[in-house]
Amino acid sequence: MTIVEISLKALKAKKLSSFLSVLLVAFGMAIITTLILVSHQLTQKLERNAAYVDAVVGAKGSPLQLILSSVYFIDFPTGNIPLKEFEEIQKNRMVKMAVPIALGDSYEGYRIVGTQPSFLKLHQLELATGKLWSKNFEVIIGADVAKAKNIKLGALIYGSHGLTSGAEVHEEHAYQVVGILKKQNTSADQLVLTQLSSIWAMHSHENIVEEEQDITSILIQYRSPVSTVLFPKMVNEQTNLQAASPAIESARLFSLVGIGFDVLHYFAILIIVIAAISVFITLFSSLKERKYDLAVLRILGASKQQLFFMMLIEGIILTFIGALFGLVAGHILVDVLGSLDGESQILFSGFMFLKGEIYVIVAGVMLGIIASIIPAVHVYRYDIAKILNN
Amino acid sequence: MITLSGITYSYPNIKSINFKDLTIKSDENWLVLGNSGSGKTTLLNILTGLLKPSSGTVIINQQDVYQLNGNDLDKWRAKNLGIVFQKSYLIPSLTVSENLLVAQKFAKLKEDKRRILEVLEQLQIIDKLNHYPKQLSVGQLQRVSIARAVLNKPKYIIADEPTSSLDDENAEAVLNLFIKQAAVNHAGLIIATHDKRVKDCFQNTYQI
């Protein structure tokens, strides 16, 4: 019979109030864990997607929208630009690599991207199997698309007009899958890639002549970092287009989303403070009836320090279990969030563990100490003769 | 041997109590008699190191009790004295046997389940081994607290009104157990009581 066992049994004897304390701690810790996981994965995903893209050139409009649609494939495109703009930009000496993309169609919610083989080079994508397209209506697909739809090489898929599933299906032309990409853990996993002319040909009944061949945007990689300032200035001043930087726009996105994160964060801290108070009340109110038993433990040879630790351990057990449950609940919550929102290109996984989570456990233990220190000191100072004489 | 000499104790605003000097040999059985409020509990508290007297000394087996401080006093008391209070004071979240295990643990003795069964057997409460205190009657609780006091074979067994909550039959059984345990362990026995039924079993009495 150790002190920890005695503490555990004492907590078991007051199941309801112990449960409430554990629940409150778990709730607060689950929110914190979720915030840690989501913000980490969001940042990571944003950074990975934009790793090789220095700028995006597209139609005028919201620069954030341009970045979201062309780099992260989540928002709608800003509008179309003529293909000849791409040829102009490509000639610019500040540009190391320029990759055109044409958006507009989708396959079961996965975006079909018309582009050039340089898209693979820019994003450093590799084929897991198959080959690159060689003619119209041949596509290569991202690893997630292949897995989710169980698509093998040679399969025929039908695109539909628009970026959301369930829209009008282009039944007249099927795409044939000729290649499947390796898993990248970026948005590329959820794309269907084809050559530009496939997209134009798909809409050929609209009689598009060569002059009207449009694209959505151009992904740019600079020759030197100096261009970070010069190139957007040049584009914005000398053309009808705009140039947006993924780094700047995702930072702006984060400062917008960040407010929500902060609010949640303070909310979680508030709950944790309430949890600490609940643990304190649970322990302190139980002392009224327990003081005789604790005094008798001293008669049986327990030292003041042992009783002090017994109270401390009771507090720590409550908050530690709460923190553990909170951690598990946070992971489950993130995984559920990730699996719920299938259309979004930012998928969260609950099966990822971060160093920061150790601090959740450490915080749990600290919380227990803070909540139980006053009851522990109280017990430490017991005048056992006075208690037992009453 | 216990020696009390020159003990006085004064509660605030009340005339101080003077206790007669007393010497108890290690295998003697003593009865402390006095009416309610006469100071029996005060004397027992002074004797067990719980209440420092205003003056005088308590020496038990060559140890001046009030020369010990804090943890040393707690440890010394746990090793040398088995104390039974008026109330049982068992830990409600632990079973009868767990309450006794705790007594062994804090006295820094090895867990000895056989000893626990032996004591519970002698107190005829072995069938309540795995019951919680709230499942027991007052008399049963009292017997468990006696079991806890004699469990670690103390040098002296000290009890405050141990029979007041028991019926005639149980009171006699409990007294016999006290006397028997004291004899088996060569322990002295000091019982404070106003219970007339107890008187006949003791040769030595200390009247307050």
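Bear in mind these aren't lab numbers, they're just calculated from the coordinates by the rules spelled out. Remember, predicted model here, so these are calculated numbers, not experimental data. Cβ sites come from the backbone with ideal geometry, for glycine too, and all protein chains shown count toward neighbours.
For the reader, a short list of remarks on this structure follows.
- Relative contact order (percent, whole number), the stretch A:55-244, Cα cutoff 8 Å, 6+ residue spacing: 35
- Where chymotrypsin sites (Phe, Trp or Tyr not before Pro) fall in DSSP loop in the stretch A:295-380, at most 15 other Cβ within 10 Å: A:Phe351, A:Phe353
- Listed from fewest to most Cβ neighbours within 10 Å, the set A:Ser134, B:Ser38, A:Ser250, A:Ser285 follows the order A:Ser134, A:Ser285, B:Ser38, A:Ser250.
- Long-range HN-HN contacts of A:Tyr222 with modeled amide H, under 5 Å: A:Asp54, A:Lys96
- A:Leu270-A:Ser134 pseudo-label distance in nm [points 7 Å out on the Cα-to-Cβ vector]: 6.5
- Helical mean residue ellipticity (222 nm; -39500 (n - 2.57) per DSSP H run of 4+; nearest 500) of the protein assembly as shown: -16000 deg cm²/dmol
- Our estimate of slack between A:Ala247 and A:Lys288, defined as 0.36 nm per intervening residue step minus the Cα-Cα distance, is 8.8 nm.
- Chain A, relative contact order in percent, only Cα pairs under 8 angstrom and at least six apart counted: 27
- In terms of its Cα atoms, chain B spans 47, 37, 34 Å along the principal axes, sorted from long to short.
- Using θ = phi - 60° and Karplus 6.51 cos²θ - 1.76 cosθ + 1.60, couplings along the stretch A:94-102 (whole Hz; Gly, Pro as x): 6, 8, 7, 9, 10, 10, x, 9, 10
- Inter-chain neighbour count for A:289-296: the average number of beta-carbon atoms from partner chains within 10 Å of each residue's beta-carbon is 5.
- Cα-projected label distance for B:Asp27 with B:Ile208, points at 7 Å along beta-carbon direction, nm: 2.9
- Gain on full extension, evaluated as 0.36 nm per residue between A:Ala174 and A:Tyr359 minus their Cα-Cα distance, stands at 61.4 nm.
- Computed E for A:Lys96/A:Met366 - FRET, C-beta separation, R0 60 angstrom, nearest 0.05: 0.75
- Using the Cβ-Cβ distance between B:Ser55 and B:Tyr11 with R0 set to 25 Å, the FRET efficiency from 1/(1 + (r/R0)^6) comes to roughly 0.95.
- Contact order relative to length of the stretch B:2-207, as percent, for alpha carbon pairs under 8 angstrom and 6 or more apart: 30
- A Förster distance of 45 Å, applied to the separation of the beta-carbon atoms of A:Gln124 and A:Phe19, puts the FRET efficiency at 0.30.
- Paramagnetic reach from B:Asp64 (point 7 Å along Cα→Cβ, amide N under 11 Å) across the stretch B:36-58: B:56-58
- Amide H within-cut-off set for A:Arg111, under 5 Å, with H built and near neighbours excluded: A:Val192
- Within straight-line reach of A:Lys12, meaning a Cα separation under 21 Å, sit the following lysines at least 8 residues removed in sequence or on another chain: A:Lys288, A:Lys291, B:Lys105, B:Lys128, B:Lys134.
- Applying the criteria of a DSSP loop state and at most 14 other Cβ atoms within 10 Å to the trypsin sites (Lys or Arg not before Pro) of the stretch A:54-126 yields A:Lys60, A:Arg93.
- Residues within the reach of a label modelled at A:Asn240 (point 7 angstrom out along Cα to beta-carbon, backbone nitrogen below 20 Å), restricted to the stretch A:63-85, are A:63, A:66, A:77-85.
- Computed over neighbours whose Cβ is under 12 Å from that of A:Gly179, the net charge equals +1, Lys and Arg +1, Asp and Glu -1.
- Taking amide hydrogens as placed 1.01 Å from N in the peptide plane, the amide H of A:Leu127 sits under 5 Å from those of A:Lys182, each at least 5 positions away in sequence or on another chain.
- The stretch between A:Lys304 and A:Thr43 holds 88.9 nm of extra length on full extension. This uses 0.36 nm per residue minus the Cα-Cα distance.
- The stretch A:44-90 and the stretch B:1-57 have Cα centres spaced 93 Å apart.
- Computed over every Cα-Cα pair of the stretch B:17-83 and binned at 5 Å starting from 0, the pair-distance distribution P(r) comes out as 3, 14, 27, 27, 18, 9, 1 percent.
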